[in-house]
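Laboratory data are not the source of any read-out in this text; all were calculated from the coordinates shown. Here the structure is a predicted model, which is why all the values come from computation and not from measurement. All Cβ positions, glycine included, derive from the backbone under ideal geometry; neighbour counts span all protein chains shown.
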Amino acid sequence: MNSSAPDFAGPVLRTRDVDVVRDGRHLLRGITLEIRPGEHWALLGPNGAGKSTLLALLGAVSHPTRGEVDVLGRRLGRVDVRELRAHLGHVNPRHPLRSPLSVREVVLTGYTNTIEPEFHRKPAPEALERAEQLIDTLGMRAMAEAAWTTLSQGERGRALIARALMPSPRLLLLDEPATGLDLTARELLLDSLDLLRHQHPELASVLVTHHLEELPESTTHALLLRGGECVAAGPVDEVMATELISETFGHPIRISRHEGRWTARAAARRTPGR
């Protein structure tokens, strides 16, 4: 993708026996993970499981207390993390923009990695072309001129994914991108992710959620977290099993899959007299 990305053919991400301790409490314990190009990981677990803490490590935002984290072959603690972040697309649903920028302008800020446009710099032709391609891929063509302040949450989410992809990252990190979306907006978002992954087969991604219904069909792997520890990790067809999901969420849950998408249903409680 980006010719300026580190020339590295190994795993995009690798963690070994990672602990994160804050105020004497383990937020993560013994996490070992390897993500290769073209793999699309789901990071699943209940609230407080450590998903956001792990995502911050993968995005070179924080460092482990113990263990090793390699991002694009570079060891955290031995490399300028600003260099690494230039090759990581991090989609933050709490993007702090308040200005009425158009969708196109928001997407272009991904090229400069700024919140607001750098008005003293005119975007290069190749940046404009890439922005238009990404706007099309994410299904935003009809609203390319729409103001950020008028967008729905789902429209903002798709615009932010396009923005994150502007520098042609090796890895895309998505922090609960479907939170708060209605059914239609969620399906549009997931369809866009499936198309994006098809068009960029070398891209790796990690999507954090606690709802199985929010996983795209193109998901290839999953890691289940509970209490900061890994319950299971590996190919999605092996990990997304009723027993493992039930253990992860601490409750009997039935898992089913239809046309590539998952649903989860808690075991029914019988009311008195039934």
On a 0 to 90° scale, report how tilted helix 125-137 is relative to the longest principal axis of the chain, with both axes built from alpha carbons and the result rounded to the nearest 10.
-> 40 degrees
In nm, to one decimal, how far is the Gln153 label point from the Glu83 one, both placed 7 Å along Cα→Cβ?
-> 3.9 nm
The answer for Ser62, listing residues at least 5 apart or on another chain whose modeled amide H is closer than 5 Å to its amide H, is Leu57
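With a/c under 1.5 counting as rounded, go ahead and sort region 95-168 into rounded, prolate or oblate using the C-alpha gyration tensor (a ≥ b ≥ c being the square roots of the eigenvalues; past the cut-off, prolate if a/b is larger than b/c, else oblate).
Details: a/c = 1.61, a/b = 1.17, b/c = 1.37.
Oblate, because a/c is 1.5 or more while a/b does not exceed b/c.
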FRET efficiency estimate (nearest 0.05) - Cβ-Cβ, Ser52 to Thr112, R0 22 angstrom | 0.25
Note down the relative contact order for the chain as a percent, whole number, built from C-alpha pairs under 8 angstrom at least six residues apart.
-> 24 percent
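Got the relative contact order for region 95-168 handy, in percent, Cα pairs under 8 Å and 6 or more residues apart? Each step should come with its number before you reach the end.
Details: 88 pairs, mean separation 34.9, N = 74.
Rounded, it is 47 percent for region 95-168.
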Count the DSSP beta bridges whose two residues both fall in region 142-274, then state the antiparallel fraction as a percent rounded to the nearest 5.
-> 70 percent
Estimated dipole of region 53-191 in Debye, rounded to 20 [Cβ of Lys and Arg +1, of Asp and Glu -1, Cα centre] | 460 debye
What label, among (i) 188; (ii) 157; (iii) 128, belongs to volume of the Cα convex hull per residue in Å³ computed from the structure on display?
-> (ii)
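Using only DSSP helix segments of four residues or longer, with each worth -39500 (n - 2.57), what per-residue ellipticity at 222 nm results for the chain after dividing by its residue count and rounding to 500? Walk me through the intermediate numbers first.
Numbers: 8 runs with 77 residues, N = 274.
One gets -8000 deg cm²/dmol as the mean residue ellipticity at 222 nm.
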So what's the angle, to the nearest 10 degrees on a 0 to 90 scale, between helix 153-164 and the longest Cα principal axis of the chain?
-> 70 degrees
Amide H contacts under 5 Å for Val231, placed H, 5+ residues apart | Leu224, Leu225, Arg226
Residue by residue, what Karplus-based ³J(HN,Hα) values in Hz, rounded to whole numbers, does region 139-152 have, using 6.51, -1.76 and 1.60 with θ = phi - 60° and x for Gly and Pro?
-> x, 10, 4, 5, 10, 4, 9, 5, 6, 3, 5, 9, 7, 6
Honestly region 165-237 on the Cα gyration tensor test (a ≥ b ≥ c root eigenvalues; a/c under 1.5 rounded, otherwise a/b vs b/c for prolate or oblate) is just oblate
Cα axis of helix 103-112 to longest principal axis of the chain: angle in degrees, 0 to 90, nearest 10?
-> 90 degrees
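Mind checking the full-extension length gain between Ala241 and Arg16? Use 0.36 nm per residue of separation minus the Cα-Cα distance, one decimal, nm. Walk me through the intermediate numbers first.
Working: separation 225, 0.36 × 225 = 81.00 nm, distance 2.48 nm.
Taking Ala241 through Arg16 to full extension adds about 78.5 nm, to one decimal.
For the chain, what is the percent of antiparallel DSSP beta bridges, rounded to the nearest 5? Let's see the in-between values first.
On the way: 27 of 45 bridges.
Bridges in the chain are about 60 percent antiparallel.
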